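J.: Shown below is the structure under consideration.
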Amino acid sequence: MAKKKQNRTAPQELALPRGGVDTHAHLSFPEYAPGTAEPGMELEQVIARAEESGLANIGNIFADSKRWQEEKELFNPFPQVFFQLGVHPTEADLLTPEELDCIAQAVERDSRIKAVGEIGLDYYWPDQPAHLQKQVFTAQLRLARQLDLPVSIHSRDAWSDTVAILEAEGFAGRPLLWHCFGGDAAMAEAILERGWHISIPGPVTFKKNEALREAVACIPLERIHLETDSPYLAPEPWRGRLNEPALVVFTAREVAACKGMSAEELWLAAGENSKAFFGL
C-alpha cells in the first residue's frame with residue numbers, strides 16, 4: 001500500500017507581516033546549490049519563499065574566511081542576507097594565526113559581517129580535542145572584543161565549559177546570542193542573568209520538548225530571537241524535511257503560544273530584537 005501523502009501548511013499561509021529575522025542559516029551549503037538542490041530548493045527559490053513568508057533578514061553563517069571569500073558573492077542579489085563569520089568548534093584545527101588575521105580583514109572589508117560566529121564548544125562530535133576547542137574559542141572571543149562585534153555561541157554537551165570560558169573572558173553583559181537553544185528554564189535563566197540573548201530553533205515545536213517550551217515561557221520578550229539553522233532542524237509540520245528560512249514562521253507560532261501572545265506580535269518583536277542586536 002502506498003504511503004499516504006502528508007498535507008503540510010505552507011509557511012506563506014500563516015500570513016505573517018514582513019519584519020521577521022532568521023538569525024542563523026547555512027544557505028551556502030550544497031543543499032541549496034544548482035545541481036545538488038532538491039526541486040524547488042535552489043537559493044533563489046528559498047529566498048523568494050522567505051520574503052513571501054514575512055522575513056526581512058536572514059543571517060548566513062560562514063565557517064571560515066576561505067568559505068566567505070568563495071561564497072559571499074552568492075548573496076550579492078540578496079541584500080537582506082547578512083553574514084556571521086567564525087570557525088566552528090568541530091573544525092577547530094582550521095583556526096591558525098593566519099586565519100584569525102583573515103577573519104579580521106574580512107570584517108574590515110565586508111560591512112555585511114555583523115557577528116563572530118558560530119563559535120564555541122562541541123563535545124558531542126569527537127572531531128576535535130577539548131583543549132584545542134577551548135583555545136580556539138578563547139581566541140575568537142578575544143577577536144570579537146577587538147573588533148567590537150557580537151558573538152553567536154554554539155554549545156553542545158559543553159554547557160559548563162562554555163559558560164566558564166565566557167565568564168573568564170569577561171563576556172557577561174556583552175552582546176552574545178545563544179544559538180539553537182535547547183535547554184531548560186534553569187539554563188535559560190543562567191544565560192539571561194549574564195545579560196545574553198537566546199535564539200529559539202525549530203525543535204521547540206516537537207511534541208516531547210516540553211522543557212524547552214517551559215524555558216521559552218520564562219524568557220523576556222526583548223531577549224528572544226528566532227532561527228532555523230537551515231538546512232537542519234525543520235519545525236513541525238515540516239519535521240524530517242530539508243529546513244529553510246521560510247519555515248521559521250512555525251517556530252514563531254509555537255514561541256508565541258508559549259508566551260501567550262499572537263504570532264504576529266511575537267514575530268515582529270523578535271525581528272526587532274535581531275535587527276538591533278546585529279545592527280541591521
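J.: Of S199, V21, A252, which is farthest along the charge dipole of the chain in the positive direction, counting Lys and Arg as +1 and Asp and Glu as -1 at C-beta?
T.: The one lying farthest along the dipole's positive direction is A252.
J.: Applying 1/(1 + (r/R0)^6) with R0 = 35 Å to the Cβ-Cβ distance of R142 and S262, what FRET efficiency is obtained, to the nearest 0.05?
T.: Efficiency, rounded to the nearest 0.05: 0.25.
J.: Which of these, Q133, Q146, Q84, has the largest mean-square fluctuation under a Gaussian network model of the chain (Cα springs below 10 Å)?
T.: Result: Q146 has the largest fluctuation of those listed.
J.: Per DSSP H run of at least 4 residues, take -39500 (n - 2.57); add these up for the chain, divide by its residues and hand me the 222 nm value, nearest 500 deg cm²/dmol.
T.: The per-residue figure over the chain is -11500 deg cm²/dmol.
J.: In addition: Tally Lys and Arg at +1 and Asp and Glu at -1 over the other residues with C-beta under 13 Å from the C-beta of G195: what net charge comes out?
T.: Around G195, the charge tally is -1.
J.: Between A172 and D110, 0.36 nm times their residue separation minus their Cα-Cα distance comes to what?
T.: Result: 19.6 nm gained on full extension.
J.: Which whole-angstrom value gives the distance between the alpha carbon centres of segment 11-54 and segment 70-142?
T.: Answer, in whole Å: 23.
J.: Cut-off 10 angstrom, C-alpha nodes, Gaussian network model of the chain. Which of V255, V107, V151 fluctuates the most?
T.: V107
J.: Taking the Cα of A190, stepping 7 Å toward and past its beta carbon, and measuring to each backbone N in segment 131-162: which are under 12 Å?
T.: Within reach of a label on A190, which here means backbone N under 12 Å from a point 7 Å along Cα→Cβ, segment 131-162 contributes 156-162.
J.: State, to one decimal in nm, how far the label point of L74 lies from the label point of A130, with both points 7 Å from Cα in the Cβ direction.
T.: Label-label distance for L74 and A130, simple model: 3.4 nm.
J.: Mind giving me the nanometre distance, one decimal, between the label points for W159 and A33, set 7 Å out from Cα along Cα→Cβ?
T.: That separation, rounded to one decimal, is 3.7 nm.
J.: What residues from segment 225-263 fall in the zone where the backbone N is under 17 Å from a label point 7 Å along the Cα-to-C-beta line of N7?
T.: 237-238
We did not get these values from a lab; they are worked out from the coordinates using the rules stated. Everything numeric here is computed off the predicted structure, so don't read it as measured data. Cβ coordinates were reconstructed from backbone atoms using ideal geometry, including for glycine residues, and neighbour counts include every protein chain displayed.
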